[in-house]
Amino acid sequence: MQTISLWFTALTRIITLNFRIRFITLLIISLATQGIASLLLLPDSPSTARFFTPRAAAVHVERVAANKQGIKNHVFKRYQAIQAAKDPKTWILFLMAVAGQIPTAAVTSKKTFL
């Protein structure tokens, strides 16, 4: 009876290891292909999109400018960081994210003991 138990334990470990290897391999492949595809196919802004005609790109840039969203800004402005730190919506979103991660972390860490 003990040999059957040891054989089953060894078989379970091999199956679990093979599953983990397959899962990690497929995860790496899918992340790599999605990352490469998004880097190559998605434009930085409407003005650099290859699939827009020059007229369509101008219309999209005008729409973004009308929304006052901006295209790109590489300048760090301290007053914007201070304003974001004082904004209650920022803190509420932060607390919601942290509150959502606490149960997930608890379940994930306890799953190995079950």
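The values are calculated or read from the model by the stated rules, or taken from the named source; none is laboratory data. The shown structure was predicted, so the numbers you read here are calculated from the model rather than taken from an experiment. Here Cβ is always computed from backbone atoms with ideal geometry, including for glycine, and neighbour counts include all displayed protein chains.
Considering the conditions (1) in a helix (DSSP H, G or I); (2) modelled with pLDDT under 85; (3) of a type in the set (S, T, N, Q), residue 69 is excluded by exactly one of them, (1). The one condition from (1) surrounded by fewer than 10 Cβ atoms within 10 Å (Cβ to Cβ); (2) touching a residue at least 24 places away in the same chain (Cβ under 8 Å); (3) of a type outside the set (D, E, K, R) that residue 46 does not meet is (1). Filter region 69-110 for residues that are of a type in the set (A, V, I, L, M, F, W, C), closer than 30 Å to residue 48 by Cβ and exposed (fewer than 10 other Cβ atoms within 10 Å of the Cβ) and give the result. 75, 76, listed by residue number.
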